[in-house]
Each structure stands twice: as C-alpha cells, then as structure tokens.
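Asker: Quick one: this structure, given as structure tokens, is what I'll be asking you about.
Here, each number is a calculation from the coordinates, and none is a lab measurement. The structure presented is a predicted model; accordingly, all values stated were derived computationally and were not measured. Note: ideal-geometry Cβ built from the backbone for every residue, glycine included; neighbour counts use all protein chains shown.
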C-alpha cells in the first residue's frame, strides 16, 4: 500500500518540485541547516497559492518554530508561535508543525494545548523535540490526548534507519491514535526498511547544494541548498512500493 512522503522545503522552487514529483505534502520552513525555523508570511502565502493551483489544498504544512537553540520557550515565544499558527491557518495552510518542552525535558502540555487550539482543526505534527524527551512512549500518550495528529521522530537516533526498534515501539504505543513519521537523515535506500517498521510516512529534505551569485561579508556563503527533483522522485517511488 505504501507510505506517505513529506519533503522539507525552504522556498517556492522546492514546493514546485515536491508537487511535480508526487510528494504527499511539504513541511515549509527556513534555515534547515539549524533544524528549521518559521518561514515568512509571504513565503507561506505563495506556497499555499502554488499548491492550490495544482488542486492540493492541504499540501503545505508550516513549521512554526520561533528560534533555534532548543525547545524550551518563554511566554513571549509561545504567544508568537500561537500568532504564527493562526496566520498559517488564515493563509490556507493544511497543517502546522510544532513542538515545545518544559524545564524537565518533557512535553510542555500547556503550550502544545495552546498550539492545537490555535490550529483550529488543522493537521498538527509534533516535531523532533520528541527525540529529546527521556520517555517518548509516555510523550506519545500525552500528545495523542492533546489532539496532535502526528509525531516526527528518528526514534532517538542520529539517523532514522538506526532508530527502527524505537520507531516500532512508538507505532505500537500510538495504536492508530496518531501517526508516526520517520525523519532524520532519511535516504532513499532507507525507506523500505522504515516502511517495514510500521511508520505512516517518511520525512526528508532531499537537498543538494548549488552555487549562487556574488556574495561576501554580510551576505553569507554563495552556496545554498535546493530541493533535488531526482531525490524526491526516487523517494516517492520507493515509498509507493517499499519492497
């Protein structure tokens, strides 16, 4: 039957590639090199419009993460995240990707409840903050009760394929109440093994690096990442028939 493919993208070109090559959805973000941050409002609106023109109303899922440096957020950061979730919903996104932990390194239930409420029925994914918690099985129970639809996890490993035993446990714990999506260093050759673990989807960035125009002090490196159509196509093919 196959599993779903989610592609992490940072620009409109990436959205177009993911659509053209048959991905099921995108996680729209910026700054993938630091784990991903909230994209601009203009990028969200443009991505949603591109997907709508292709008849894919729920294709764009927006990462809402206010900064790098961990997943413990103060009151201002939680409020900003809530506002960005509401913006994503109003802009027509199909879902949001969120996560927050407390001082103990467990799920910040109050923050997540506010995020789910702000989403107002949008698909909600809890991101790889799950891989930080000491007891992910308990976290899955809590997230299911909070109304989260999906968790993104590597099973606590550097690469998802190395976390397969934990992924199997998480799938069993979820028991169909929420989806488990494997993400973290996913390569096309890993997808069949990941699918066999019982996960509902795989998540990958499918990036390659190209050299841009002139740059220099204040402009950063001239090289930047793009979404590779060949990798997306191969991932989709593998996920559709993971043997």
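Asker: Sort the following peptides by mean Cβ neighbour count (other Cβ atoms within 10 Å, averaged over residues), highest first: 62-72, 182-192, 100-110. The partial results should precede the final answer.
Answerer: Working: 62-72: 18.5, 182-192: 20.3, 100-110: 16.1.
My ranking of the peptides, most packed first, is 182-192, 62-72, 100-110.
Asker: Based on the Kirkwood radius over alpha-carbon pairs, what is the Stokes-Einstein translational diffusion coefficient of the range 1-153 at 10 °C with 1.306 mPa s viscosity, in µm²/s?
Answerer: Answer from the Stokes-Einstein relation: 103 µm²/s.
Asker: Can you order the peptides 199-206, 137-144 by their average number of other Cβ atoms within 10 Å per residue, highest first?
Answerer: 199-206, 137-144
Asker: Helix-derived [θ] at 222 nm for the chain: sum -39500 (n - 2.57) over DSSP H runs of at least 4, divide by residue count, nearest 500?
Answerer: -11500 deg cm²/dmol
Asker: Under the definition of Cα pairs under 8 Å and six or more residues apart, what whole-number percent is the relative contact order of the chain?
Answerer: 20 percent
Asker: Restricting attention to the alpha-carbon atoms of the range 159-236, what are Rg (one decimal) and Dmax (integer), both in Å?
Answerer: Spelled out, the Cα radius of gyration and Dmax of the range 159-236 are 16.8, 52 Å.
Asker: Counting residues in the range 67-200 as N, plug N into 2.2 N^0.38 Å and put the Cα Rg over that result.
Answerer: Its radius of gyration relative to the 2.2 N^0.38 Å reference: 1.03.
Asker: Which order results if 181, 34 are arranged by neighbouring Cβ count within 10 Å, fewest first?
Answerer: 34, 181
Asker: Ranked highest first by the average count of other Cβ atoms within 10 Å around their residues, in what order do 219-229, 118-128 fall?
Answerer: The packing order, highest mean first, is 118-128, 219-229.
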